[in-house]
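Quick one: the structure is below, questions incoming.
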Protein chains: 2
Amino acid sequence: MARPTPLSGFPEWLPDGRVVEQHVLDTLRRTFELHGFAGIETRAAEPLDQLLRKGETSKEVYVLSRLQDVPGAQGGDDAAEGTGTDRAGARDKQLGLHFDLTVPFARYVLENSGKLSFPFKRHQIQKVWRGERPQDGRFREFVQADIDVVGAGTLPYHYEVELPLVMAEALGALREIGVPEVRILVNNRRVAEGFYRGLGLEDVDGVLRTIDKLDKIGPAKVADALVAETGATPEQAQACLDLAAIRGSDSGVVDQVRALAASHGFTSELLDQGLEELGALVEAAAVRAPGVVVADLKIARGLDYYTGSVYETVLVGHEQLGSICSGGRYDTLASDGANTYPGVGLSVGVSRLVSRLLGSGLVRATRGVPTAVLVAVSDEEHRAQSDAVAATLRARGIPADVAPTAARFGKQIRYADRRGIPFVWFEGRETVSDDGQVTVGADQVKDIRSGEQVDADPAVWAPPSEDLWPRVVPA
Amino acid sequence: MARPTPLSGFPEWLPDGRVVEQHVLDTLRRTFELHGFAGIETRAAEPLDQLLRKGETSKEVYVLSRLQDVPGAQGGDDAAEGTGTDRAGARDKQLGLHFDLTVPFARYVLENSGKLSFPFKRHQIQKVWRGERPQDGRFREFVQADIDVVGAGTLPYHYEVELPLVMAEALGALREIGVPEVRILVNNRRVAEGFYRGLGLEDVDGVLRTIDKLDKIGPAKVADALVAETGATPEQAQACLDLAAIRGSDSGVVDQVRALAASHGFTSELLDQGLEELGALVEAAAVRAPGVVVADLKIARGLDYYTGSVYETVLVGHEQLGSICSGGRYDTLASDGANTYPGVGLSVGVSRLVSRLLGSGLVRATRGVPTAVLVAVSDEEHRAQSDAVAATLRARGIPADVAPTAARFGKQIRYADRRGIPFVWFEGRETVSDDGQVTVGADQVKDIRSGEQVDADPAVWAPPSEDLWPRVVPA
């Protein structure tokens with residue numbers, strides 16, 4: 001087997017990178033749980049027909065087949081389940097890997113609705129897969145960390161205010177390790193739809209999709225596309241661009257939108273409702289997370305299931321990375337006909353965030369192994385004694401390892417040094433006096449960074465708390 | 001969308017089941033890290049040719065294809081990458097889902113060998129997929145928790161003693177929540193191979209595979225199969241069964257095997273080496289984890305890459321569930337031609353364990369939500385005050401939620417009760433005296449289990465530690 005090479009779009013971290021990712025995941029989970037979100041996981045595979053309900057992401061889905069069902073494959077049975085074309089006909093039986101955690105969550109809610117209590121708040125931290133072309137910050141396999149709350153039949157608006165604030169707190173808890181400040185950009189689908197319809201534009205989804213390209217292609221090309229593809233007049237296209245340019249973190253935003261609508265001579269109940277919600281969101285956020293939430297009227301979000309607030313989040317100074325935490329309110333994603341479960345949620349793109357933290361050298365782990373203490377081995381006959389010291393330390397919650405071989409101590413210290421293990425433990429030496437009396441000296445522990453070495457008892461000694469476990473710190 | 005139904009072989013837990021699984025995962029991870037195992041994750045997808053190197057599991061692999069490459073599928077482009085047969089030809093480009101964590105780990109070690117320090121100890125907790133027919137305790141998607149240590153070129157034998165003891169400790173740490181005692185059954189490939197070759201049997205893999213079926217088909221059929229399929233005489237077959245019947249937790253086992261070999265008139269260097277290792281393992285285990293490790297000469301393990309110790313683990317009283325933690329020593333799994341990385345590892349079948357814990361009602365979570373305190377809302381105008389109380393509690397590490405609506409308090413208490421939230425918080429009531437003076441009473445917190453209600457300050461009050469987070473306890 002030749003040395004394997006990485007697979008583009010499938011990121012993997014070395015152990016010290018994984019320490020960073022694990023810290024991010026643990027921090028997010030803790031904040032979510034402090035806010036009462038129950039953790040769940042859903043299976044990675046969903047029926048293909050469920051995954052394809054929303055047409056626009058269909059090309060990104062990875063389809064699963066069992067090897068023996070793949071014609072011509074080694075171990076495959078050509079006669080078994082027919083050709084690829086036949087199999088595609090049985091769409092309801094085919095499985096694909098989930099491409100987000102929202103669609104599987106909606107399915108989970110419907111499947112278990114009789115056993116859950118609503119409103120149901122859950123967090124979900126899992127890998128998802130998309131067969132897209134890999135780019136900087138865009139992967140084929142990546143970790144998402146989601147929070148959602150769904151109600152049975154109804155869901156109060158206040159959750160649309162609270163959920164981005166939970167995310168602000170979760171991401172804010174990462175500031176101390178060196179994660180840049182975040183800016184949560186919010187908009188409201190009702191504002192956009194009310195405004196477009198008030199202007200006389202009917203293809204609301206088309207306008208949203210075009211406006212969503214603003215950062216990528218710029219206003220001139222967006223205006224052209226609005227005219228060419230959504231039937232807008234140049235004046236209507238300009239009005240859409242004027243709306244998209246409005247941005248601010250207080251209720252002045254609401255006044256600007258109202259004034260813009262008035263200048264085009266229309267009012268709209270839907271617009272008013274959206275503006276009331278958007279205004280309440282920025283006002284509450286200004287109190288609870290000052291400076292974090294900004295109303296930005298160009299935020300559109302690609303997915304068509306959002307019906308109220310929508311959110312995107314940028315790392316300040318890394319805006320070109322794209323959103324690291326997005327979501328919104330959806331009213332009809334989970335519905336079994338008889339009952340509908342409206343929800344609101346956001347999803348952190350953990351892999352995108354972590355790859356930037358590591359790639360830009362913003363953060364580092366103090367070491368890549370859990371071990372705080374390496375217990376040296378003087379000779380293989382005494383390995384059991386070293387094992388006993390390590391066991392005593394571990395029983396007291398101190399991560400300890402034992403040297404792999406009874407090499408000379410210099411080599412054992414290098415073993416620790418190479419891994420960033422701060423302490424090496426030496427058992428007391430036997431000395432034999434002239435009259436044959438055997439005495440055993442005290443154990444000693446050496447801080448290999450300072451070289452300081454002191455007598456120590458494994459039942460009592462502990463490393464300084466900052467050395468106990470690997471930490472993640474600003475680089 | 002009709003109500004969806006579960007997918008056979010893809011287990012999912014309700015929130016309280018996930019509390020149990022998360023506790024198991026956190027406990028395993030903590031024990032692994034106390035022993036110095038660094039956590040890593042590998043991508044879920046591997047090149048198909050890598051996954052199929054070991055022929056016997058080939059039928060279990062799930063093959064991935066991007067939707068647009070599936071002929072005839074919606075959104076598919078028939079002209080794109082040809083038919084299934086053509087694609088199967090480009091085996092090196094095809095991806096499959098990993099079916100264990102050992103093969104991907106071997107690939108990770110080779111890929112990153114220049115950046116890792118050896119011996120390298122890692123733990124890895126991830127989902128794996130196998131397209132097998134689902135049965136009790138056998139899933140198509142399941143979580144494994146692995147520990148392995150690999151050396152560069154060499155790996156000292158003592159790790160074959162230590163790794164099962166780490167697992168004994170990790171699984172032992174679950175006893176307090178109600179997990180049954182475990183028994184780790186050990187054998188050594190060298191013993192089996194030395195014995196079979198000493199008898200004159202050359203098809204060692206064939207004999208191992210047949211012996212592996214003992215529990216399933218019984219000794220008579222195994223004897224027949226040994227004669228029919230491996231060219232054994234009835235006497236040789238009986239000798240293999242005699243070896244497989246040897247079992248014990250001290251070095252008496254070694255003496256029995258030696259005596260059996262002597263009775264068949266042969267000695268074997270390989271056998272002696274294997275017996276020395278097996279004897280050292282049971283002796284060390286008798287000291288460090290009394291009663292847990294048992295030498296059982298019928299343990300064969302299906303996988304052909306094991307070269308030394310092999311392990312299986314049963315839950316006492318649930319032996320028919322099969323092994324919940326298996327592994328062994330492998331010398332050549334990771335090799336790039338120039339260098340070889342021998343290793344030893346074990347893998348906990350977390351989903352199998354957790355499904356038994358939940359299905360047999362052995363354990364339960366004290367609640368399915370993290371929330372310890374529900375802050376009541378007297379009316380929507382005062383929601384911000386309830387939010388502030390919850391924020392104060394959370395800042396002190398107390399998981400708190402706020403009632404979804406300002407329903408009457410009885411309904412808010414039922415909200416908490418249905419979720420197992422032990423405490424409900426009521427803000428102090430405003431009272432207006434006859435002369436118009438407004439006074440605000442103290443906040444109160446109610447233990448809804450006892451009904452006891454006391455004055456409380458959110459900056460000071462804390463729930464009893466056993467109520468702070470959901471716990472997992474014997475059912």
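Once the piece of chain linking B:ASP49 and B:ALA388 is laid out straight, how much longer is it, given 0.36 nm per residue of separation minus the C-alpha distance between them?
116.3 nm
Would you mind ranking B:GLU33, B:GLU269 so that the residue whose beta carbon has the fewest other beta carbons within 10 Å leads the list?
B:GLU269, B:GLU33
Which percent of Cα pairs goes in each bin when the distances of region A:360-417 are cut into 5 angstrom slices starting at zero?
Taking every Cα pair in region A:360-417, the percentages come to 4, 19, 24, 21, 15, 7, 5, 3, 2, 0.
Name the shape class, rounded, prolate or oblate, that the alpha-carbon gyration tensor gives for region B:328-388, where a ≥ b ≥ c are the square roots of its eigenvalues, rounded holds for a/c under 1.5, and otherwise prolate holds if a/b is larger than b/c and oblate otherwise.
Note, shape of region B:328-388 comes out oblate.
Rounded to the nearest 20 Debye, what is the dipole magnitude of the protein assembly as shown about its Cα centre when Lys and Arg each give +1 and Asp and Glu each give -1 at the C-beta?
Dipole of the protein assembly as shown, to the nearest 20 debye: 700 debye.
About the Cα centre of region A:15-364, how large is the charge dipole given +1 on each Lys and Arg Cβ and -1 on each Asp and Glu Cβ? Please answer in debye to the nearest 20.
It comes to approximately 740 debye.
Then there is this: May I ask what percent, to the nearest 5, of DSSP beta bridges between residues of region A:309-455 are antiparallel?
In region A:309-455, DSSP labels about 75 percent of beta bridges as antiparallel.
Under the definition of partner shielding as Cβ atoms of other protein chains within 10 Å of a residue Cβ, what is the mean value for peptide B:401-409?
Rounded to a whole number, the mean comes out at 3.
Using only Cα atoms, locate the centre of region B:378-416 and the centre of region B:104-155, then give the distance between them in Å, rounded to an integer.
Spelled out, the Cα-based centre of one part sits 45 Å from the other.
How high is the FRET efficiency from A:ARG247 to B:ALA459, r the C-beta distance, R0 35 Å, rounded to 0.05?
According to the calculation, E is roughly 0.40.
Follow-up question, since we're still on this one. Per 10 Å bin, what is the whole-percent P(r) computed from every C-alpha pair distance within chain A?
4, 16, 22, 21, 16, 11, 7, 3, 1, 0, 0
Let me ask you something else. If the label for B:GLY410 sits 7 angstrom from Cα along the Cα-to-Cβ line, what are its distances to the same label in every other copy, in nm to one decimal, shortest first?
So the distances to the same position in the other copies read 8.3 nm.
Distances in nm, one decimal, shortest first, from B:ALA259 to the same residue in every other copy, taking the label point 7 angstrom along Cα→Cβ.
10.0
With a 10 Å Cβ neighbour count serving as the proxy for reagent exposure, in which order, fewest first, do A:GLU312, A:GLU380 appear?
A:GLU380, A:GLU312
What are the label-to-label distances in nm, one decimal and shortest first, from A:GLU176 to the same spot in the other copies, with labels 7 Å along Cα to Cβ?
2.5
Follow-up question, since we're still on this one. Treat every Asp and Glu Cβ in region B:4-45 as -1 and every Lys and Arg Cβ as +1, leave all other atoms uncharged, and give the resulting dipole magnitude about the Cα centre to the nearest 20 debye.
With Lys and Arg at +1 and Asp and Glu at -1, about 120 debye.
R0 = 30 Å: FRET efficiency of A:THR267 with A:ASP224, Cβ-based, nearest 0.05?
For A:THR267 and A:ASP224, the calculated efficiency is 0.55.
Once you put a point 7 Å from the Cα of B:ASP203 and another 7 Å from the Cα of B:ASP136, both along the Cβ direction, what distance in nm separates them?
Going from the B:ASP203 label point to the B:ASP136 one covers 3.3 nm.
What do you get for Rg/Rh of the protein assembly as shown when both radii come from the Cα atoms and Rh is the Kirkwood radius?
Rounded to two decimals, Rg over Rh is 1.01.
Place +1 on the Cβ of every Lys and Arg and -1 on the Cβ of every Asp and Glu in chain A, take the dipole about the Cα centre, and give the residue among A:TYR330, A:GLY265, A:LEU357 whose Cα lies farthest towards its positive end.
The Cα lying farthest towards the positive end belongs to A:LEU357.
Which value in deg cm²/dmol, rounded to the nearest 500, describes the helix-derived mean residue ellipticity at 222 nm for the protein assembly as shown, given -39,500 (n - 2.57) per DSSP H run of n ≥ 4 and division by the residue count?
Helix-only estimate at 222 nm: -11000 deg cm²/dmol.
Same structure again: Arrange B:VAL204, B:VAL143 by Cβ neighbour counts within 10 Å, fewest through most, would you?
Starting with the residue having the fewest Cβ neighbours, the order is B:VAL204, B:VAL143.
Continuing with the same structure: For the peptides A:163-176, B:432-445, what is the packing order when you average, over each peptide's residues, the other Cβ atoms within 10 Å and list the highest mean first?
In decreasing order of mean packing, A:163-176, B:432-445 become A:163-176, B:432-445.
Something else about it: Averaged over B:27-38, how many beta carbons belonging to a partner chain fall within 10 Å of each residue's beta carbon?
Per residue, the average neighbour count from other chains is 6.
What is the local net charge at A:ASP457, summed over the other residues whose Cβ is closer than 12 Å to its Cβ (Lys, Arg +1; Asp, Glu -1)?
-2
Which whole number gives the average count of other chain Cβ atoms within 10 Å of the Cβ atoms across peptide B:452-459?
Averaged over the peptide's residues, the number is 0.
Each value in this text was obtained by applying a stated rule to the coordinates, not by laboratory testing. Bear in mind that the values here come from a model prediction, so they are computed numbers and not experimental data. For neighbour counting, all protein chains shown are included, and Cβ atoms are generated from backbone atoms with ideal geometry for every residue, glycine included.
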